[in-house]
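Written below as structure tokens is the structure these notes are about.
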Amino acid sequence: MDTELSFDKIPAVLQEVLLRLRRIEFFLSENKSVKNNDPDSRMNVKETADFLDCSASTIYGLVFRRQIPHEKKGRRLYFQKSELNEWLKKGRRATVDEVKSSV
């Protein structure tokens, strides 16, 4: 990219900037999706709140009441995605059809 900027070059420079921004956004979204698909990945409080679709304060409350599987290293909390999925499955309730078929 040319370092000297003139009024005539603004559209071309802006187009180059937008192209680079799209590449950066794509790179970031790809890296995030790779991390989120790993079942053994560890997540912090914010990532866990996003994963469970709740607030960070809800996560802290669950940790305080020891209701959610977590690890603590110093003052930091970590959550393993596979453990959270198992924890969610344990809270599953049977459907009416499942209850009827088990009787």
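The values are calculated or read from the model by the stated rules, or taken from the named source; none is laboratory data. Please read these numbers as outputs of a predicted model, since none were measured by experiment. Cβ coordinates were reconstructed from backbone atoms using ideal geometry, including for glycine residues, and neighbour counts include every protein chain displayed.
Please find, within the range 73-103, the residue that is nearest to the chain's Cα centre (by Cα) out of those that are among the charged types (D, E, K, R) and surrounded by 13 or more Cβ atoms within 10 Å (Cβ to Cβ).
81
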Exercise. Select from the range 54-72 the residues that are within 18 Å of residue 42 (Cα to Cα), more than 16 Å from the chain's Cα centre (by Cα) and either in a helix (DSSP H, G or I) or in contact (Cβ under 8 Å) with a residue 12 or more places away in the chain (or both) and list them in ascending order.
Key: 60, 62, 63, 68, 69, 71
Quiz item: Do we find a residue being at pLDDT below 90, surrounded by 10 or more Cβ atoms within 10 Å (Cβ to Cβ) and either out of contact with any Cys (no Cβ under 9 Å at 6 or more places or on another chain) or not charged (D, E, K, R) (or both) anywhere in the range 51-67?
Solution: no
Self-check item: Test: residue in the range 82-95 that is touching a Pro at 6+ places or on another chain (Cβ under 9 Å), of a type in the set (D, E, K, R) and assigned to a helix (DSSP H, G or I)
Solution: yes
Quiz item: Which one of these does residue 34 not meet: (1) hydrophobic (A, V, I, L, M, F, W, C); (2) modelled with pLDDT of 85 or more; (3) part of a helix (DSSP H, G or I)?
Solution: (2)
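Output yes when any residue across the range 23-40 is among the aliphatic types (A, V, I, L, M) and surrounded by 12 or more Cβ atoms within 10 Å (Cβ to Cβ), and no when none is. Give the derivation first.
Quick first cut of the range 23-40, residues among the aliphatic types (A, V, I, L, M) only: 24, 28, 34.
Now narrow it down to the ones that are surrounded by 12 or more Cβ atoms within 10 Å (Cβ to Cβ): none.
So far as the range 23-40 goes, no, none of its residues is among the aliphatic types (A, V, I, L, M) and surrounded by 12 or more Cβ atoms within 10 Å (Cβ to Cβ).
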